[in-house]
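Please read the structure below before turning to the comments.
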Amino acid sequence: MVGSVVRPSLLRGSTVRHYAAAAAAQACASATPEIKVLTNKVTVATCDSNSPVAQVSIVFRAGSRNETHDTQGTAHYLRICAGLSTSNASAFAITRNIQQLGGNLVTTQDRETIAYTLQITRNNLVEALKYLESAATKQVFKPWEVSDELPRLKYELATLPDTAVVIDLLHKAAFRNSGLGNSLFCSPHQVGKINSETLQHFVNSWCTAPRCAVVGTGVALSELAALGSNLTIGSGDNANEKAKYSGGEVRNETGAPLTQVALAVEGVSLKSDKDVLACAVLQRASGCGPRVKWGSTVSPLNKQVASAAGSELFGVSTFNASYSDSGLFGVVLCSPPNVAGSLTKAAAKWLKSLNVLESDVARGKNILKTEVLDAADNSTSLLESLQQQALLKGQITSPTALVNAIDKVTAADIKAVADKLAKGNLSLAATGNLKTIPYVDELK
């Protein structure tokens, strides 16, 4: 068993632990985030922690928000087509060579970005970077290879969790049929309709140098700068369609045994660091589920919703998403259909008041600081943070500086943000058995 192999021996004394602590301290001491904008307008950023495993991402500010009504699903297609044949390497060559070097190529996507990430040991990094560059910037989208990915696309759509579906529908209800309202996933009626020309046009329009960042962990800034300088990509910089929060509702009636509901108001954008931190603290103070496995929570949100649930089991958590020019703040809940309506009304009532005590604020700040520092110890989470900061904000804030900024958030800052959120128009998304779910105009 793996557990018995990696379990430390009782005979290993404190000397070993001291050496381990010294090695960790040495690694952390050099882990200072760095960022630079190259002459071709590509942004490079890194946090060189002296890790034996390097991660390098080529990230573009190109996501589902950049699709048009007729090309919805293009970003989803682009993600699943990562690693297919390019102008200088076949799909087999990319896969075979990265595997032989012991590496891994991962592609992730959200509403604003798409990231191609190479994970590999540092001694093999230089040789593998050419395959990362090829997969991210030299796609040719051969029609027969694109069509071969349809079974995978259909499988992803058929296995989406209900929570992912309801949050996706919430964005559609809030922002409607454009920009941030576009789904992360290809609509069923678009399956098979996105062709090679559509994909190539999307890449040429949105995957350009001013909208690109080369980000890494466990790698020197000079290596990333060399990669970023040699990228063969366009120089255009198309502007995103400005997000417009409208509010509304989307209902998806299914035969599922549980009902999923998401309620939200317009949140804060990444433009204001102070409001973003205050909103993040408010989310943790309000309740993000139990902090102990199989335990319960005494958060303000849970208390108010529990009174409407009676003896029925339910799940509830706050939801917070900040984008470059808008955001969402709300509640996601799951329950049996017979109590889902009363829980939705209770959650809406709480969302329109957003009252938290100073003790809740202190708890929320502690939770957020712990999450920030814990994410800094996880190379994947750290890389994701660097990607978003470099690409969407153009600057990097270290975990220590972020924790210090959280400490400066006051109860007055939280109240100001909460009052602003509580005045917003509601958006509602629901999926499952909706027999008791009220319409959004009944919640005002």
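The values are calculated or read from the model by the stated rules, or taken from the named source; none is laboratory data. Keep in mind that this is a model prediction, so the values were computed, not measured. Every residue, glycine as well, gets a Cβ built from its backbone with ideal geometry; the counts of neighbours run over all protein chains shown. Ligands, DNA and RNA are stripped out before the accessible areas are found, and what is left, the full protein with its side chains, is counted by its heavy atoms. Shrake-Rupley method; radii C 1.70, N 1.55, O 1.52, S 1.80 Å.
Remark: pairs (first residue in the stretch 238-267, in a loop (DSSP other than H, G, I, E, B); second residue open to solvent by 70 Å² or more (accessible area, probe 1.4 Å) and not charged (D, E, K, R); Cβ separation under 9 Å; 6+ apart in sequence or on different chains) = Y245/N425; S246/N425; G247/N425; G248/N425.
Looking only at the stretch 136-181, how many residues end up being in a loop (DSSP other than H, G, I, E, B) and among the acidic types (D, E)? Before the answer, list the steps.
Filtering the stretch 136-181 down to residues in a loop (DSSP other than H, G, I, E, B) leaves 138, 140-142, 149, 159-161, 176-178.
Those left that are additionally among the acidic types (D, E): 149.
Here the count works out to 1.
Among what's in the stretch 298-331 and is part of a loop (DSSP other than H, G, I, E, B) and out of contact with any helix residue (DSSP H, G or I) (no Cβ under 9 Å at 6 or more places or on another chain), pick the residue that is surrounded by the fewest Cβ atoms within 10 Å (Cβ to Cβ). First the steps, then the outcome.
Step one: filter the stretch 298-331 for residues part of a loop (DSSP other than H, G, I, E, B), giving 298-299, 310-314, 323-326.
Keeping just the survivors that are out of contact with any helix residue (DSSP H, G or I) (no Cβ under 9 Å at 6 or more places or on another chain) gives 298, 311, 313.
On the way: V298: 11, S311: 5, L313: 10.
In this case the residue turns out to be S311.
In the stretch 97-122, of all residues being farther than 13 Å from A54 by Cα and of a type in the set (A, V, I, L, M, F, W, C), the one that is surrounded by the fewest Cβ atoms within 10 Å (Cβ to Cβ) corresponds to V106.
When restricted to residues that are open to solvent by less than 70 Å² (accessible area, probe 1.4 Å), assigned to a helix (DSSP H, G or I) and either closer than 17 Å to T113 by Cα or among the aromatic types (F, W, Y) (or both), the stretch 361-396 contains 11. So which residues in the stretch 51-67 are at pLDDT 95 or above, in a loop (DSSP other than H, G, I, E, B) and either basic (K, R) or surrounded by fewer than 20 Cβ atoms within 10 Å (Cβ to Cβ) (or both)? R61 - this is the single residue of the stretch 51-67 that is at pLDDT 95 or above, in a loop (DSSP other than H, G, I, E, B) and either basic (K, R) or surrounded by fewer than 20 Cβ atoms within 10 Å (Cβ to Cβ) (or both).
Taken over the stretch 149-184, the criterion of being open to solvent by less than 50 Å² (accessible area, probe 1.4 Å), acidic (D, E) and within 19 Å of T254 (Cβ to Cβ) is satisfied by E156, D168. Taking every residue in the stretch 298-309 that is without any contact (Cβ under 8 Å) to a residue 24 or more places away in the chain and pairing it with any residue that is open to solvent by less than 20 Å² (accessible area, probe 1.4 Å) and in a loop (DSSP other than H, G, I, E, B), at least 6 positions away or on another chain, the pairs with Cβ-Cβ distances below 7 Å are N302/G287. The residue that is least open to solvent (accessible area, probe 1.4 Å), counting only those in the stretch 397-411 that are of a type in the set (A, V, I, L, M) and either farther than 20 Å from D377 by Cα or touching a Pro at 6+ places or on another chain (Cβ under 6 Å) (or both), is V409.
In the stretch 40-63, the residues that are in contact (Cβ under 8 Å) with a residue 24 or more places away in the chain and farther than 13 Å from T107 by Cβ form Cβ pairs under 9 Å with partners that are crowded, with 24+ Cβ neighbours inside 10 Å and of a type in the set (K, R), at six or more places apart or across chains, as follows: K41/R211; R61/R211.
With respect to T344, is the statement that it is in contact (Cβ under 8 Å) with a residue 12 or more places away in the chain and more than 17 Å from H171 (Cβ to Cβ) true? Spell out the reasoning first.
Working: in contact (Cβ under 8 Å) with a residue 12 or more places away in the chain: yes; more than 17 Å from H171 (Cβ to Cβ): yes.
Yes, satisfied.
Considering only the stretch 267-279, I want to know if a residue exists there that is β-branched (V, I, T), within 24 Å of D168 (Cα to Cα) and touching a Pro at 6+ places or on another chain (Cβ under 7 Å). Give the derivation first.
Quick first cut of the stretch 267-279, residues β-branched (V, I, T) only: 268, 276.
So of that shortlist, the ones also within 24 Å of D168 (Cα to Cα) come out as 268, 276.
Narrowing further to those that are touching a Pro at 6+ places or on another chain (Cβ under 7 Å): none.
Checked the stretch 267-279: no residue is β-branched (V, I, T), within 24 Å of D168 (Cα to Cα) and touching a Pro at 6+ places or on another chain (Cβ under 7 Å).
A quick yes/no check of all residues on (1) modelled with pLDDT of 95 or more; (2) open to solvent by 40 Å² or more (accessible area, probe 1.4 Å); (3) of a type in the set (S, T, N, Q); (4) more than 27 Å from N177 (Cβ to Cβ):
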| position | (1), (2), (3), (4) |
| --- | --- |
| E249 | yes, yes, no, no |
| G255 | no, yes, no, no |
| Q260 | yes, no, yes, no |
| K271 | no, yes, no, no |
| A278 | yes, no, no, yes |
| S286 | no, no, yes, yes |
| S296 | no, yes, yes, yes |
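T198 - would you say it is assigned to a helix (DSSP H, G or I) and either in contact with a His (Cβ under 6 Å, 6 or more places away or on another chain) or open to solvent by 50 Å² or more (accessible area, probe 1.4 Å) (or both)?
Values: assigned to a helix (DSSP H, G or I): yes; either in contact with a His (Cβ under 6 Å, 6 or more places away or on another chain) or open to solvent by 50 Å² or more (accessible area, probe 1.4 Å) (or both): no.
Criteria not met by T198.
Being part of a helix (DSSP H, G or I), under 26 Å from G234 (Cα atoms) and open to solvent by 40 Å² or more (accessible area, probe 1.4 Å) is true of V126.
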